[in-house]
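Contents: one structure, followed by commentary.
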Amino acid sequence: VQLQACGGGLVRAWGSLRLSCAASTRIIGIKAMRWYRQAPGKEREWVAALMPNGSNNYADFVKGRFNISRDRAKKTVYLQMNSLESRDTAVYYCNIDTVYGNNWGQGTLVTVSS
């Protein structure tokens with residue numbers, strides 16, 4: 001399975017972006033779909049998670065601003081990011097955790113200018 005992440009770019013503070021993570025094939029045995037990010041000079045950190053039953057949860061620093069969702073037909077997971085702040089600048093990675101293993105996208109860069 002290959003995951004293609006896209007949607008990153010340069011945006012001004014308080015702006016919005018929607019990231020997409022498209023799978024090359026239908027994925028079975030999904031345990032969770034997650035987004036992570038890694039800011040320059042920092043460790044990768046978890047951002048949001050979506051479970052197969054539709055439940056979701058978010059890191060405190062994005063609650064109320066970000067929303068994770070999926071389109072089953074398009075085999076795509078999204079991260080809608082609103083009210084972006086400079087601290088959100090990072091490379092964002094999608095992750096699909098399955099009973100067979102972990103799958104990572106290649107990352108997409110989000111730069112928020114103040």
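The values are calculated or read from the model by the stated rules, or taken from the named source; none is laboratory data. Owing to the predicted nature of the structure, the values given are computational and were not obtained by experimental measurement. Here the Cβ is made from the backbone with ideal geometry for all residues, glycine too, and neighbour counts use every protein chain on show. Keep in mind that these areas ignore ligands, DNA and RNA; they rest on the heavy atoms of the full protein, side chains included. Shrake-Rupley method; radii C 1.70, N 1.55, O 1.52, S 1.80 Å.
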Residue selected from the range 1-58 under the condition of a type in the set (Phe, Trp, Tyr) and open to solvent by 40 Å² or more (accessible area, probe 1.4 Å), by the criterion nearest to Ser83 (Cα to Cα): Trp14
Which numbered condition Trp104 misses (of (1) assigned to a loop (DSSP other than H, G, I, E, B); (2) closer than 18 Å to Gly7 by Cα; (3) not acidic (Asp, Glu)): (1)
Output for the range 63-114, where each listed residue is without any contact (Cβ under 8 Å) to a residue 24 or more places away in the chain and under 18 Å from Glu43 (Cβ atoms): Asn102
Pair list, Cβ < 6 Å and 6+ apart or interchain, from the range 30-56 residues that are over 26 Å from Arg72 (Cα atoms) and assigned to a strand (DSSP E or B) to residues that are open to solvent by 10 Å² or more (accessible area, probe 1.4 Å) and hydrophobic (A, V, I, L, M, F, W, C): Gln38/Val91
Whichever residue in the range 98-112 is more than 16 Å from Arg37 (Cα to Cα) and open to solvent by less than 40 Å² (accessible area, probe 1.4 Å) and, among such residues, is farthest from the chain's Cα centre (by Cα): Gly101
Subset of the range 59-74 [open to solvent by 70 Å² or more (accessible area, probe 1.4 Å) and in a strand (DSSP E or B)]: Asn67, Arg70
